[in-house]
Amino acid sequence: MGEFIVLDDIAESARDAALELCLRAGIVAGQTVVIGCSTSEINGYDVGTNSNAETGLVVFKALYGVFAERGIDIAAQCCEHLNRVLIVERQAAAGLEVVNVIPTIEAGGAFAAAAFAGLSDPVAVDAIKADAGLDIGGTLIGMHLKRVAVPIRLEASFVGKAAVVAARTRPMFVGGDRAKYNEALF
């Protein structure tokens, strides 16, 4: 069962995970990070059983602060009830399929609802190919990462009671035994 988690601690651990991802994944301005977040898991409940708007807002503000400061776009993944569509700033949706939905705590989840309320010009898109990702609480973000995802084990491995899994992406290796590769892209 869940237990009381201090919101300041949640914000700090979310910020730490975001900062570590920026550093370890080498993401830079103009790139996109997909974020899946279960506020139920953060508060010690099973995913999808106890969404919490206050927790969603605290996590969104913490993550958005880190990424926006660096010019990195975020894509907030909605829950399965909205087919895991993503909430992004309109400028980040160029060339993507925009869909018509506004996430709520009941359909989309607390984090996605907070993102929709907190972004300056939010839209929902059906899919994205992000450069890196944070999965807080087992929300399964892999479908929204570029094709070759590389896991990153973060020291900041929990937000509240939710495990954090991170990934970066890299270009595919093509060629064979005689091919040479640009190690800067690893």
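Quick note: the coordinates plus some simple rules give every number you see, no bench work behind them. What you see is a predicted model; the values in this text were computed from it and never measured. Neighbour counts run over all protein chains shown; Cβ positions are idealised from the backbone, glycine included.
Just so you know, in the stretch 49-73 the residues that are touching a residue at least 40 places away in the same chain (Cβ under 8 Å) and in a loop (DSSP other than H, G, I, E, B) include one that is surrounded by the fewest Cβ atoms within 10 Å (Cβ to Cβ), and it is Gly71. Among the residues making up the stretch 28-60, those that are within 25 Å of Ala93 (Cα to Cα), touching a helix residue (DSSP H, G or I) at 6+ places or on another chain (Cβ under 7 Å) and of a type outside the set (Gly, Ala, Ser) are Thr32, Val33, Val34, Ile35, Cys37, Leu57, Val58, Val59, Phe60. Right, Glu89: touching an Asp or Glu at 6+ places or on another chain (Cβ under 9 Å), among the acidic types (Asp, Glu) and surrounded by fewer than 22 Cβ atoms within 10 Å (Cβ to Cβ) or not? Criteria met by Glu89. Checking each residue in the stretch 136-148 for being in contact with a Ser or Thr (Cβ under 8 Å, 6 or more places away or on another chain), surrounded by fewer than 18 Cβ atoms within 10 Å (Cβ to Cβ) and of a type in the set (A, V, I, L, M, F, W, C) picks out only Val148. Out of the stretch 144-158, which residues are in contact with a Leu (Cβ under 9 Å, 6 or more places away or on another chain) and more than 16 Å from Cys37 (Cβ to Cβ)? Result: Ile152, single match. On the stretch given as the stretch 102-117, residues that are crowded, with 17+ Cβ neighbours inside 10 Å and touching a helix residue (DSSP H, G or I) at 6+ places or on another chain (Cβ under 8 Å) total 11. Taking the criterion of being over 16 Å from the mean Cα position of the chain (by Cα), part of a helix (DSSP H, G or I) and either of a type in the set (A, V, I, L, M, F, W, C) or within 30 Å of Ala184 (Cα to Cα) (or both), would at least one residue in the stretch 74-81 satisfy it? No, the stretch 74-81 has no match at all. Taken together, the residues in the stretch 4-41 that are part of a helix (DSSP H, G or I) and not acidic (Asp, Glu) amount to 16.
Filtered by the rule that a residue be under 17 Å from Leu63 (Cβ atoms) and polar (S, T, N, Q), the stretch 86-140 gives Ser120, Thr139. In the stretch 5-25 there is no residue matching the filter, namely being under 19 Å from Asp121 (Cβ atoms), in contact with a strand residue (DSSP E or B) (Cβ under 6 Å, 6 or more places away or on another chain) and either touching a residue at least 60 places away in the same chain (Cβ under 8 Å) or not hydroxyl-bearing (Ser, Thr, Tyr) (or both). Where strands (runs of 3 or more DSSP E) sit wholly within the stretch 108-186, those with at least 3 residues that are in contact (Cβ under 8 Å) with a residue 60 or more places away in the chain and not polar (S, T, N, Q) occupy 132-136, 162-169.
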